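Peer 1: Please see the structure below; I have some questions.
The values are calculated or read from the model by the stated rules, or taken from the named source; none is laboratory data. What you see is a predicted model; the values in this text were computed from it and never measured. A quick note on method: Cβ atoms are made from the backbone with ideal geometry, for glycine too, and the neighbour counts reach across all protein chains shown. Remember, those area values only see protein heavy atoms, side chains included, never the ligands or the DNA or RNA. Shrake-Rupley method; radii C 1.70, N 1.55, O 1.52, S 1.80 Å.
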Amino acid sequence: MDLVRCLNVIDLLCAQEFPRAHGRTEHGESGPGYHIAALRTSGDFWEDDGTERAETEAQFDADRDGLAQRLTERWGPPQRFSLYSVLRRAMQGEQVEQPWAALSEHVPDVHLWQAPGPGRWVALGVSQWDKELEFQLLAVVTETDPP
């Protein structure tokens, strides 16, 4: 993983304005109050016996932790924020704001910092929609407080 490139993408997202409507971007997707970037994506696991998936998951966790270390040097230690209760609340019909509702569907937890500047949060998480699908290392920049 190219840490410098990942940090540059996060810096870019922190500096960009948020769009008025949801849409795809060069790095992922954005919507009112948030940007989500896929910093790294694995292959899928349709033909895997579970070994490659486990190794890939460990590598993505290590990549997230390495990037988190660099962000910790900038902004101090992150909060570890579980999205499990967010998912549960959304499934029970509670209105949870984006990007937190969508993230909770495929990211179990995030490392979370309040970035310097006008009320922006930066989160790092590892996404996987299903055991056969790819992993993604995601960076999220949002002005929406965590639920």
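Peer 1: So, in segment 6-43, of the ones that are of a type in the set (G, A, S) and farther than 20 Å from E143 by Cα, which residue ends up most open to solvent (accessible area, probe 1.4 Å)?
Peer 2: In the first step, residues of segment 6-43 are kept if they are of a type in the set (G, A, S); the result is 15, 21, 23, 28, 30-31, 33, 37-38, 42-43.
If we keep only those that are farther than 20 Å from E143 by Cα as well, we get 42-43.
On the way: S42: 26, G43: 49 Å².
Filtering segment 6-43 for residues that are of a type in the set (G, A, S) and farther than 20 Å from E143 by Cα, the one most open to solvent (accessible area, probe 1.4 Å) comes out as G43.
Peer 1: I'd like to verify a number: residues in segment 67-101 that are aliphatic (A, V, I, L, M), in contact (Cβ under 8 Å) with a residue 40 or more places away in the chain and open to solvent by 10 Å² or more (accessible area, probe 1.4 Å), how many?
Peer 2: Final tally of qualifying residues: 1.
Peer 1: I'd like the full set of residues that are touching a strand residue (DSSP E or B) at 6+ places or on another chain (Cβ under 7 Å) and assigned to a helix (DSSP H, G or I), limited to segment 51-101. Outline the logic, then answer.
Peer 2: Step one: filter segment 51-101 for residues touching a strand residue (DSSP E or B) at 6+ places or on another chain (Cβ under 7 Å), giving 56-57, 60-61, 63-64, 67-68, 71, 75, 78-83, 98-99.
Once the filter is applied, which keeps residues that are touching a strand residue (DSSP E or B) at 6+ places or on another chain (Cβ under 7 Å) and assigned to a helix (DSSP H, G or I), segment 51-101 yields T56, E57, F60, D61, D63, R64, L67, A68, L71, W75.
Peer 1: Are any of the residues in segment 27-36 at pLDDT 90 or above, touching a Pro at 6+ places or on another chain (Cβ under 6 Å) and farther than 16 Å from L124 by Cβ?
Peer 2: yes
Peer 1: In addition: Select from segment 44-60 the residues that are in contact (Cβ under 8 Å) with a residue 40 or more places away in the chain and open to solvent by 50 Å² or more (accessible area, probe 1.4 Å) and write down the one among them that is nearest to C6 (Cα to Cα).
Peer 2: Checking each candidate, the answer is E57.
Per-residue answers, yes or no, for (1) under 15 Å from the mean Cα position of the chain (by Cα); (2) more than 19 Å from A123 (Cα to Cα):
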{"site": "F18", "(1), (2)": "no, no"}
{"site": "R40", "(1), (2)": "yes, no"}
{"site": "D63", "(1), (2)": "yes, no"}
{"site": "G76", "(1), (2)": "no, no"}
{"site": "R88", "(1), (2)": "no, yes"}
{"site": "V96", "(1), (2)": "no, no"}
{"site": "A102", "(1), (2)": "yes, no"}
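Peer 1: Among (1) in contact (Cβ under 8 Å) with a residue 24 or more places away in the chain; (2) surrounded by 15 or more Cβ atoms within 10 Å (Cβ to Cβ), where does P116 come up short?
Peer 2: All conditions pass for P116, except number (2).
Peer 1: Here is a list of conditions, (1) under 21 Å from H27 (Cα atoms); (2) assigned to a strand (DSSP E or B); (3) in contact with a Pro (Cβ under 9 Å, 6 or more places away or on another chain), and L138 meets all of them except one; can you say which number that is?
Peer 2: (3)
Peer 1: Quick one: in segment 102-130, of everything that is of a type in the set (D, E) and in a loop (DSSP other than H, G, I, E, B), which residue is nearest to V86 (Cα to Cα)?
Peer 2: Start the filter on segment 102-130 by keeping residues that are of a type in the set (D, E), which leaves 105, 109, 130.
Next, from what is left, pick out any that are in a loop (DSSP other than H, G, I, E, B): 105, 130.
On the way: E105: 9, D130: 18 Å.
Step by step, filter segment 102-130, then rank; the result is E105.
Peer 1: What are the residues in segment 127-147 that are surrounded by 15 or more Cβ atoms within 10 Å (Cβ to Cβ) and either in contact with a Leu (Cβ under 6 Å, 6 or more places away or on another chain) or charged (D, E, K, R) (or both), if any?
Peer 2: Applying the first criterion (surrounded by 15 or more Cβ atoms within 10 Å (Cβ to Cβ)) to segment 127-147 yields 127-128, 133-142, 144, 146-147.
Across segment 127-147, the qualifying residues are S127, E134, L137, A139, V141.
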